[in-house]
Each structure stands twice: as C-alpha cells, then as structure tokens.
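The values are calculated or read from the model by the stated rules, or taken from the named source; none is laboratory data. Quick caveat, the model's predicted, so the values are computed rather than measured. Neighbour counts run over all protein chains shown; Cβ positions are idealised from the backbone, glycine included.
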Amino acid sequence: MTQASAAARVRAIVDCLVALAWLHVLHGQGLVALDILQSVQDAVVASEDQEVVNANMVAMALKRTGRTRQAAKGYYRTLQAAQDLGLRRNQAVVLANFGALCLHVGASRLAQHYLLEAVRLFSRLPCGKCGRDFTHVLPQLGHLCTRQGLAQQGKGYYEWALLVAVEMGHVENGKVSLGTCKRLARAVQVTAGAAGKPGNERMAYHRLAHGKLAEHFYLKAL
C-alpha cells in the first residue's frame, strides 16, 4: 500500500467515525457521540480540516447534552482554527451552529450576528460547496427577522433559501423542508397584508413562483 492510499484510507475511516458520531447525536446519544469523537482526537490521525469538522461535531454533541457553556467555548475554538486554516465553508458552518446555539439560549442579537456572518461567507462560496447548510441557515434568519417584526426582511431570507434550493436541485429532489415551505408562504402573506384571508395561501405561493414550482410548494405544505 502506497503512502497516498494509506492516507486516503485513514481519511475515509475518520470521516466514517465522525458520521457515526453524528448519527448518535441525532438519536439523542450525545455521550456515545462524544466518546467516538474523543477517540478520533486521541488517535491523532485526522487531517487539519478533519480536526475542524471533528471539533465542530464535539460542540454540537455538547449542546445536545445540555452543556451549553462548553459548547460555546468549543464553537469559538473551532471557529478560530477554521479561520487560521482558511477553511471558509467550515467557518460558515461553525458560525451557523454558533448562531443556533445563541437562539437556543434566547440571545437573539448574538444569534443574528453569527447567522448573518454565516450567510455572508456562504454567499461567497460556489453553490455546490454550500451543501444543505446554506438552505438551512437562511430560513433561521428569516424566522428570526419575522419574530422581530421585520416581515419584509424575513421574507427576503425565505425567498433566498428557495432560490438557493432551486439552484442546487433540492426542489426536484424533495429536499426542501415542509417547515421552510410553510414559513415562506406565511412570510409572503404577511408582507402582502393577506395573512388570515381565505384562499390567499395558494396566491402566496404563486407570488413566489409560477406553474409547476408554485404548485409543488403549495401541495407540499398542505
């Protein structure tokens, strides 16, 4: 086995372990996830960019286990590491997660700051490199603005999320969440002054797009 193939194999193993940890996080097994992630750190075999991903995952697991302060410190250290390495996508992901943590503890202004910074970085990346993270953070900002009474601004973020999803092919693949569809239509209704009026929900979708795309989002949100 050549050195290059050995390195590729190690990288693949690390990726699989981090993915396994994330599955445990999703199933409410944060402590198990932390054990897996700690084993990756202890092995000292991850590349620098994988270390950033691993550290971000550790902070996410800490948040899920209720250790908010430790999670915040973890996100801060991970953000610094991503900045030092020039990993812009990783920076955006960590900023988005930091913003979500701030929302979780009710710090709306801090949340808005970090989410806006995440959007700024995501918007400068090629669409294919954003993954689903960009279409996830935009509705969060839209929801936050709507809660603050900034309906027009919130609508803009929801529409931006829709446009990014269309560009990435997530609409055709059914990857746009039901919640995003409903909140987007609601934002359009609010800014149009049509909220609560019978028959205006379908009209709200047609203000977003025409034909099959509008029908897709209308039916998806039923």
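A few points about this structure:
- Scan of segment 119-153 for residues that are under 17 Å from residue 165 (Cα atoms) and of a type in the set (Ser, Thr, Tyr), ordered by number: 123, 135
- One residue stands out among those in segment 65-79 that are in a helix (DSSP H, G or I) and small (Gly, Ala, Ser): the one that is farthest from residue 33 (Cα to Cα), which is 72.
- Among the residues making up segment 34-56, those that are assigned to a helix (DSSP H, G or I) and either under 26 Å from residue 88 (Cβ atoms) or touching a residue at least 60 places away in the same chain (Cβ under 8 Å) (or both) are 37, 40, 41, 48, 49, 50, 51, 52, 53, 54, 55, 56.
Here's the yes/no breakdown for (1) over 30 Å from residue 158 (Cα atoms); (2) of a type in the set (D, E, K, R); (3) modelled with pLDDT of 95 or more:
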| site | (1), (2), (3) |
| --- | --- |
| 4 | yes, no, no |
| 9 | yes, yes, no |
| 30 | yes, no, no |
| 64 | no, yes, no |
| 71 | no, no, yes |
| 79 | no, no, yes |
| 89 | no, yes, no |
| 109 | no, yes, no |
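- Index of the failed condition, residue 99 passing every other in (1) over 23 Å from residue 163 (Cα atoms); (2) small (Gly, Ala, Ser); (3) within 17 Å of the chain's Cα centre (by Cα): (1)
- Members of segment 93-109 found to be under 13 Å from residue 140 (Cα atoms) and of a type in the set (Gly, Ala, Ser), listed by number: 96, 99, 100, 108
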